[in-house]
Amino acid sequence: MTRDKADAANRPDGRTAAESEPGSLRLVATLAIAGLLSGVAIIGIFEVTLETITANRARELREAVFKVLPGVELMQKLIYKENKLIATNEQEQDELPIYGGYDSEGQFIGYAIPGEGPGFQDTIKILYGYKADTRKIVGMEVLDSRETPGLGDKIYKDASFVANFTNLSVEPEIIAVKKGKKSAPNEIDAITGATISSKAIVKIINNTNQIWLSNLPEPGQEPELLVVEEESAADTGRGE
Amino acid sequence: MAKDQNQNYEEFVKGLWRDNPVFVQVLGMCPMLAVTNSAINALTMGLATFFVLVGSSFLVSSLKQFIPKQVRISSFIIIIATFVTVIDYTLLALMPKVHKELGAFIPLIVANCMILGRQEAFASRNTVKLAVMDAMGMASGFMIALFTLGAIREILGDGALFGVKLFGDNFEPWIIMILPPGGFLTLGLILLCFNWFTVRKQQFLEKVAAAERSGA
Amino acid sequence: MNAKDPELLLEHAPLLQQGMSTPQAMRDVIYSLVPVTLAGIWFFGLSALLVLVVSILGAMLTEWVFSSAENKTESLWDASALVTGLLLGLTLPPGLPLWMAFLGGVVAIGFGKIIWGGLGNNLFNPALVGRAFLLATFPIAMTTWNPVSDVDGFFMVHATNLALPFMHVEPDAMTSATPLGLFKFEQEATPIINLFLGNTSGSLGETSGLLLLLGGLYLWWRRDLDWRIPASILLTVVVFSGILGLFDAERFPTPLFSLFSGGLLLGTIYMATDPVTSPITPKGAWIFGCGIGCLVVLIRVWGGLPEGVMYAILLMNAATPLINRYTQPTVFGRGKERS
């Protein structure tokens with residue numbers, strides 16, 4: 001209290017402490033009430049928008065998975081735990097998930113594997129579809145990137161570049177070659193003028209393959225489609 | 001009553017041109033440079049700022065006698081931050097694509113010096129009505145500035161406005177315009193024109209005044 | 001009059017006059033650029049001539065507009081705008097759309113010079129400001145290189161040159177990479193003799209090492225350039241790339257290749273030595289040159305782009321006021337004390 005008074009005595013407007021100085025209790029109370037009201041407002045808006053936001057995110061992910069795995073109608077999250085790939089529908093984020101794609105009868109079609117790595121400007125995040133039986137990549141979608149507009153952004157704007165990834169062998173590894181020189185099934189045409197961005201994509205896929213491919217089960221032994229997932233797929237579909 | 005109307009009008013209009021927060025006061029440069037790479041981003045940012053500024057000016061002005069002077073800045077920030085969070089979640093729910101582009105700059109509206117500045121300089125010492133008029137004027141001025149910059153940058157950088165192509169397929173985009181340097185260049189040129197115009201107007205008025213004096 | 005009778009000079013300082021004025025220096029630069037310009041036109045045909053003319057036009061027009069607005073038209077006649085336009089033109093690819101070359105000239109003078117307050121006040125070399133703007137704005141057009149034209153192709157103007165303003169034309173199939181690009185992305189070395197004579201693809205004035213060196217020698221003979229800057233740049237590049245070559249001769253270019261490829265000679269002789277934007281003290285000139293040399297090798301070897309001379313010079317331009325400040329000789333009589 002005494003310090004408050006000393007401060008107030010030095011105030012430029014010359015008013016005395018007695019007429020303008022509220023007690024520190026009042027100050028704390030004001031801030032507490034303001035904080036409380038603000039907290040209530042924030043919780044309110046969070047609750048109101050949560051459903052739409054979750055639905056948006058789920059829809060985005062589903063759309064990306066369906067895009068990189070042609071023919072897929074249902075999907076579920078897969079995680080690698082105790083040397084086995086198992087299906088899960090928990091929200092936990094500590095394990096790196098991949099996604100399994102199934103047709104409408106629940107037949108396994110392929111994996112959608114997310115990967116990320118450094119691009120020309122910033123981290124590029126991609127999702128690509130992989131079929132274990134043919135050992136081929138069947139689709140690639142850039143989820144997030146800040147590559148140079150007009151040059152590096154062709155990694156998702158240039159349809160002919162994206163088409164490189166519709167039937168691409170992963171053995172022994174993917175190689176980017178100069179445009180027009182593609183000759184082997186594991187080669188892609190790099191984008192003229194955006195060699196670095198093109199090679200970044202290739203590197204991301206190669207690195208991610210190294211982590212995942214040896215951990216995938218033999219073809220035919222993929223995790224079954226959980227029945228619960230079907231419900232939750234329908235659940236997330238409500239946001240559409 | 002008429003005087004009241006006049007003052008309301010005056011408080012609104014000053015933010016549009018004479019005291020334009022961007023072109024004259026040069027405030028709020030961070031969102032100005034960062035998110036104006038397309039008209040829609042600029043406009044969304046402008047609207048979000050409008051909502052935050054008008055909302056917090058209204059609250060600050062109506063609560064001014066309850067807020068002790070010693071904690072006013074903290075209280076203003078709490079109020080502003082609440083509005084920012086509300087608009088952040090609303091955009092995330094309603095316009096996820098635009099929200100992704102605007103990224104961290106929506107939460108950063110809290111740090112926009114223009115908003116805190118209006119609370120401290122105006123809303124906390126004027127009536128609710130005047131505070132809201134002032135906030136609307138300033139926010140509109142800010143929005144106009146953002147939109148001008150965003151439109152110029154999108155037209156040159158992408159050959160489009162609101163995503164509608166204006167020049168056909170063979171348009172050569174000015175890539176620099178959608179990159180950060182383009183923001184600096186465009187803003188600098190606009191400020192140049194603004195100052196040039198202001199100086200010219202001043203000179204003209206002085207000339208007229210001198211002519212009148214010598215004539216009389 | 002004999003030697004024992006010395007003449008007493010009664011003049012006030014400065015006693016030494018260096019009969020050198022801006023227009024004269026600019027004339028020297030233009031004369032020294034004639035062979036390089038002619039070679040560029042010879043190698044790349046009529047297109048090169050058009051690009052040069054248009055970029056000079058852009059620069060001169062901008063200078064004229066702003067100098068007549070301020071009633072200071074004399075700066076138009078000291079030919080500095082002409083030199084800026086010409087140097088800018090020499091750093092452009094021959095197939096560049098003409099409207100871009102024009103815009104480059106406008107930006108070079110407008111942003112590179114006028115905005116700072118005219119010749120003598122600019123921090124950055126105007127021609128390089130114009131080029132940097134063009135490279136950042138039109139990265140594709142600025143890195144689409146045409147091969148050297150044959151005799152038949154001399155009068156053929158590239159379709160890309162004639163693109164309407166704000167538009168572009170798909171390049172004809174005849175494009176080729178520069179020696180530096182070939183080395184960086186294809187690990188393919190170009191014979192030194194071609195780099196020396198100039199029949200490789202590249203910016204229209206950068207290809208012939210021989211003629212650039214001749215121009216540099218002429219300027220040095222006319223005392224228009226501070227020899228320390230080119231010497232230190234070239235020496236640093238040779239030493240630095242030589243050291244790198246010791247580690248891995250396959251991956252890093254040889255010193256000779258580094259010296260004659262890309263815009264190194266053009267930038268070293270004509271842009272780094274710009275008296276306005278380079279340090280005034282001898283020691284400063286050495287620091288400036290070493291800085292440029294190191295940056296060039298660093299950008300070329302580890303950067304995203306194959307060529308880095310322009311950015312190296314612009315960066316060191318920015319450091320010039322600092323270098324000037326720290327290399328000022330101590331005022332006589334003050335000893336080691338620093339104010």
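A few points about this structure:
- Listing of strands (runs of 3 or more DSSP E) fully contained in segment A:93-193 that carry 1 or more residues being in the same structural domain as A:E224 (by TED's automatic domain parsing), of a type in the set (V, I, T) and closer than 30 Å to A:E82 by Cα: A:97-102, A:108-118, A:123-131, A:136-144
- Residue within segment B:25-38 that is under 28 Å from A:V40 (Cβ atoms) and touching a helix residue (DSSP H, G or I) at 6+ places or on another chain (Cβ under 6 Å) present: yes
- Any helices (runs of 4 or more DSSP H) falling wholly within segment C:122-198 and containing at least 1 residues that are within 14 Å of chain B (Cβ to nearest Cβ) and of a type outside the set (S, T, Y): C:126-137
- In this entry, B:L130 passes the filter for residues that are of a type in the set (A, V, I, L, M, F, W, C) and more than 13 Å from every other protein chain (Cβ to nearest Cβ).
- Of residues in segment A:105-132 being open to solvent by 30 Å² or more (accessible area, probe 1.4 Å) and modelled with pLDDT under 80, the one farthest from A:N206 (Cα to Cα): A:E105
- Pairs are defined by a Cβ separation below 7 Å, a sequence spacing of at least 6 or placement on different chains, a first member in segment A:48-61 that is outside the structural domain of A:P114 (by TED's automatic domain parsing) and of a type outside the set (A, V, I, L, M), and a second member that is outside any helix (DSSP H, G or I) and open to solvent by 70 Å² or more (accessible area, probe 1.4 Å); the pairs so defined are A:R59/A:E240.
- Residue count for segment B:169-178, restricted to those that are crowded, with 20+ Cβ neighbours inside 10 Å and either under 20 Å from B:A145 (Cβ atoms) or facing chain C (nearest Cβ under 7 Å) (or both): 6.
- Residues within segment A:57-82 that are in a strand (DSSP E or B) and touching a helix residue (DSSP H, G or I) at 6+ places or on another chain (Cβ under 9 Å), tallied: 5
- One residue stands out in segment C:94-114 among those that are under 11 Å from C:L61 (Cα atoms) and small (G, A, S): the one that is nearest to the other protein chains (Cβ to nearest Cβ), namely C:G110.
- Residue check: B:T82 meets all listed conditions (1) at the interface with chain A (Cβ under 9 Å from one of its Cβ atoms); (2) open to solvent by 30 Å² or more (accessible area, probe 1.4 Å) but one, namely (2).
- Count - residues of segment C:222-279 that are assigned to a loop (DSSP other than H, G, I, E, B), of a type in the set (A, V, I, L, M) and under 14 Å from the mean Cα position of the chain (by Cα): 3
- A single member of C:I280, C:I292, C:I269 is in contact (Cβ under 8 Å) with a residue 40 or more places away in the chain and open to solvent by 70 Å² or more (accessible area, probe 1.4 Å), and it is C:I280.
- Which numbered condition C:S176 fails, given (1) hydroxyl-bearing (S, T, Y); (2) under 25 Å from A:K181 (Cβ atoms); (3) buried (at least 16 other Cβ atoms within 10 Å of the Cβ): (3)
The values are calculated or read from the model by the stated rules, or taken from the named source; none is laboratory data. Note that the structure is a prediction, hence the values are computed from the model and not measured. Reconstructed Cβ throughout: ideal geometry from the backbone, glycine too, with neighbour counts over all protein chains shown. Just the protein is used for accessible areas: all its heavy atoms, side chains included, with ligands, DNA and RNA removed. Shrake-Rupley method; radii C 1.70, N 1.55, O 1.52, S 1.80 Å.
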